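Asker: My structure is below; once you've seen it, I'll send some questions.
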Amino acid sequence: MQKRRRFKQTRSLEERLADVAKLLRGKAEKLPPGRLRDIAERKARQVDTACYLSQWLQSPGLRAPD
């Protein structure tokens with residue numbers, strides 16, 4: 001059986017998602033208006049939503065009652 005490769009992340013998920021969104025927006029700005037640009041912008045919005053949901057799930061307001 002193969003051993004799983006494990007990586008220790010040095011940056012938080014939110015930081016990595018923000019970088020991906022920034023790269024996608026930069027890519028979208030360089031593309032001419034059209035389908036490919038819309039796809040890049042949509043993916044950037046999806047990454048922003050993922051970042052927001054991650055922060056929301058980690059918020060202290062979602063703790064289980066004692």
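Asker: I'd like the full set of residues that are surrounded by 13 or more Cβ atoms within 10 Å (Cβ to Cβ) and β-branched (Val, Ile, Thr), limited to the stretch 1-33.
Answerer: VAL20
Asker: Just to be sure, is ALA28 under 20 Å from the mean Cα position of the chain (by Cα) and either at pLDDT 95 or above or of a type in the set (A, V, I, L, M) (or both)?
Answerer: yes
Asker: Looking at the stretch 1-47, which of its residues are over 29 Å from GLN58 (Cα atoms), assigned to a loop (DSSP other than H, G, I, E, B) and basic (Lys, Arg)?
Answerer: LYS3
The values are calculated or read from the model by the stated rules, or taken from the named source; none is laboratory data. The model shown is predicted, which means the values in this text are computed figures rather than measured ones. Because the Cβ atoms are built from the backbone with ideal geometry, glycine has one as well, and the counts that use them run over all protein chains shown.
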